[in-house]
């Protein structure tokens, strides 16, 4: 396994699409609790002028990601072992996944993050103030630990699905480029 993505929402699935398309063995650990799932119609995604139900977008993205080669698995990541690379993620039911790259793409899964001393602040871009972001993380999603990235609102991007998707894709391209040791390009 090459990449573990914790969270199968907009950013996590976008990241997985690019890492999978680059030929990286990618697993997405998802609780299927993406906030987008409850949105009746998303209008702020180019290409959907009439809107698309959030759950429909998620279903289509999951299908596209699995077609690209990623594995989606239901579960809650409860432990992240970061002492040595490759890193290990353990789920609530005891399954273990190990990879040199881990992407944290959770918006409300603070427990896992606080266990690792990530300083979490309120994401001021989200009016409800219920979303946190990891202090010091920029748009590139890089944490201080090589191979561990943050994607989506946890990386302090505005609460717009298209922005979270773009940032997740950017993280995926960075990981793929590092893995392939050349810039990853996908134009088909």
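The numbers here are math on the coordinates, done by the rules we state, and not lab data. The structure displayed is predicted, hence computed values, not measured ones. Here the Cβ positions follow ideal geometry from the backbone for every residue, glycine too, while neighbour counts run over all protein chains shown.
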(message) Along its three principal axes, how long is the chain when you only count alpha carbons? Whole Å, largest extent first please.
(response) 47, 39, 32
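In what sequence do 62, 85, 132 fall when counting other Cβ within 10 Å, fewest first?
Placing the least packed residue first, the sequence is 85, 62, 132.
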(message) Give the separation of the Cα centroids, region 8-75 to region 127-188, in Å.
(response) 15 Å
(message) Of the candidates 50, 31, 160, which one comes out as most mobile in a Gaussian network treatment of the chain with C-alpha springs shorter than 10 Å?
(response) 50
